[in-house]
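Single-structure report; data block below.
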Amino acid sequence: GGFNVVVQGNQLVLPHRVAEVAAGCTSLNAQSLGLATVIALLALNGPLPWERLLLLLLSSPLLAFFVNASRVALLALVSTAQGSRVAPDLMRYDYWHTGTGSSLFSFALVTLLFGVEHLLRIPPDSGR
């Protein structure tokens with residue numbers, strides 16, 4: 001299954017339509033959320049050794065990019081499935097673009113960063 005997608009600048013050329021990835025749909029907002037999450041985690045849990053802090057700071061924009069890329073891919077998929085009889089509520093573009101579904105991606109990013117931060121706090125000699 002699947003379909004071909006061609007990227008032309010900020011447009012995704014899909015089989016039956018062209019989707020524009022506007023500035024608000026780039027990963028900049030997700031990266032800002034990721035940085036804010038890292039700052040909040042450090043404020044709540046205290047500092048990390050500099051090597052682990054660097055890993056946490058580098059993982060934040062990478063995770064933000066991949067979570068946002070997943071969201072854009074899902075939006076492209078849903079936009080081609082408009083009018084589908086399979087799970088019609090989940091196939092609504094607005095649900096994933098501006099509705100509750102869009103918040104799930106922010107939640108996923110924050111949850112992933114909590115997990116990375118937790119793993120970085122495990123002492124190296126703890127046997128895990």
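The values are calculated or read from the model by the stated rules, or taken from the named source; none is laboratory data. Treat the numbers as computed from the prediction; the structure is a model and nothing was measured. All Cβ positions, glycine included, derive from the backbone under ideal geometry; neighbour counts span all protein chains shown. The protein model used for the area step is the full one, side chains on, heavy atoms only, and it has no ligands, DNA or RNA in it. Shrake-Rupley method; radii C 1.70, N 1.55, O 1.52, S 1.80 Å.
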message: Against the definition (open to solvent by less than 40 Å² (accessible area, probe 1.4 Å), among the small types (Gly, Ala, Ser) and either modelled with pLDDT under 85 or more than 15 Å from Leu33 (Cβ to Cβ) (or both)), how does Ser79 come out, yes or no?
response: yes
- prompt: Does the stretch 43-73 hold any residues that are in contact with a Leu (Cβ under 7 Å, 6 or more places away or on another chain), in a helix (DSSP H, G or I) and open to solvent by less than 70 Å² (accessible area, probe 1.4 Å), and which are they?
  reply: Arg52, Leu56, Ser60, Leu63, Ala64, Val67
- prompt: What number of residues within the stretch 8-19 are assigned to a strand (DSSP E or B), open to solvent by less than 100 Å² (accessible area, probe 1.4 Å) and either of a type in the set (Val, Ile, Thr) or over 16 Å from Arg71 (Cα atoms) (or both)?
  reply: 2
Inter-residue pairs, beta-carbon under 9 Å, first under 22 Å from Asn4 (Cβ atoms) and of a type in the set (D, E, K, R) and in the stretch 14-28, second open to solvent by less than 60 Å² (accessible area, probe 1.4 Å) and not in a loop (DSSP other than H, G, I, E, B), 6+ apart: Arg17/Ser79; Arg17/Thr80; Glu20/Leu12
